[in-house]
1. Across every pair of different alpha-carbon atoms, what Kirkwood hydrodynamic radius in Å does the chain reach?
2. So for each of 283-293, 362-372 I average, over its residues, the number of other beta carbons within 10 Å; can you give me the resulting order with the highest mean first?
3. Say each of PHE78 and TYR252 gets a label point 7 Å from the Cα, pointing the same way as Cα to Cβ; how far apart are those two points in nm?
4. How large is ³J(HN,Hα), in whole Hz, for each residue of region 218-229 in order, when computed from phi with the Karplus curve 6.51 cos²θ - 1.76 cosθ + 1.60 and θ = phi - 60°, using x for Gly and Pro?
5. How long, wide and thick is region 1-71, going by the Cα atoms along their three principal axes, in whole angstroms, largest first?
6. Above 18 Å lies some portion of the pair distances; for region 194-313, what is it as a whole percent of all C-alpha pairs?
7. Give me the compactness ratio for region 95-204, meaning the Cα radius of gyration over 2.2 N^0.38 Å.
8. Below 8 Å between Cα atoms, with a sequence gap of 6+, how large is the relative contact order for region 187-340 in percent?
Amino acid sequence: MNGADTAWIIVATALVLFMSLPGLALFYGGLVRARNVLSVFMQVYAIACLMSVLWLAVGYSIAFGGANAYWGGLGKAFLWGVDADSLSGSLPEILFFAFQMTFAIITPALIVGAYVERIGFGFVLLFSGLWMLLCYAPVVAWIWGGGFLSDGGIFGETGVRDFAGGIVVHETAGLAALVIAAALGPRRNATTPPHNPGYVFIGAAMLWVGWFGFNGGSQLAADGGAAMALTVTHISAATASLTWALWERIKYGKSSLVGIVTGTIAGLASITPASGFVGPVEALLIGAVAGVLCQEAVTLIRHKLKIDDTLDVFAVHGVGGIFGTIMIAAFGAGSWAAQLGSLAIVGVFTIVVSHALLKFCALITPLRVDQETEVNGLDLAVHGERAYDHSS
């Protein structure tokens, strides 16, 4: 065990959890109507709790059990055989478990942005739990768990390069979000502006800080590689924020606060897979393109394809993660066959599994709330609370 590595990953684990609670919750919560903000908080918080338990039960074992190249198995269910002295590289394995658990929390939580304001709460929990176990965890096994897409797998000695989750986190969450949004159909009132841009700003700022743990921690060591990953993450986020705001100014005549912080998230998602393989100049280029590319993807999904991915999960996270994964090959840090092939394999797998789980879960619990609940807001109808009591 290396003490410095262990100390850094303890901090990184806390930072990644901070991304979900409260960062993502505030970012998403500020973007919805005032009558739905608590439902968004509840969905993100409940997902964090449920994924933690499921990751302990079987998720970690499926991802990192190492049974074969396709499935980790159940040998480490409930951390069987893992104690305080067990090691994973230079880290206590229990810490590696906890660090990866925070990734298993935020990935299904990202999908929340696609279905807010019209989803059934029971469906959220059922789908998220099954999706994490049957879609996310197997993809982790394939790429980070030594599976068939990693080094020595189907792409030869050099497998796919995905440092912190361009494929594992952002592509899978983005495509699942698109599947659910298409199945749900549009909101009955899709033109209401964000009720609290201040929440959106605070949440985005928390996500930016937390992302240092997300990408820097993925080095799994306290060394120069972690420092470089942290630095390029920041450069990409800053650059994408500026290009998003500039492109918005060119198109619409004004740069918005919600726009610039959405650009931040686009830059962070895009650099995530490449953060361990590129330098500051490459990060500058990735961020510069991401701010425009993801904004145009928003327009395509909303206005051309007419899919109400409410908070643009696929356009920002999905497109950003895919773009960053491709740029690894473009900068010569990975093979084109492995990068594109893995994107295709995981993409098809995610769409098929997400669609099947959606159909299955809809048989057990309603997919969408009724019209009255949607019009009046989920906060009071589903959770019996209001975010703002203006009479008190």
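No lab work stands behind these numbers, since they all come straight from the coordinates. Since this is a predicted model, take the numbers as computed values, not measurements. So basically every Cβ, Gly included, is an ideal-geometry build from the backbone, and we count neighbours across all protein chains shown.
1. That comes to 20.8 Å for the chain.
2. On the way: 283-293: 23.7, 362-372: 13.2.
Highest mean packing first, the order is 283-293, 362-372.
3. 5.2 nm
4. Taking θ as phi minus 60°, the curve returns 5, 5, 6, 7, 9, 8, x, x, 5, 5, 5, 4 Hz for region 218-229.
5. The principal-axis extents, from largest down, are 47, 32, 18 Å.
6. 52 percent
7. 1.27
8. Answer for region 187-340 is 23 percent.
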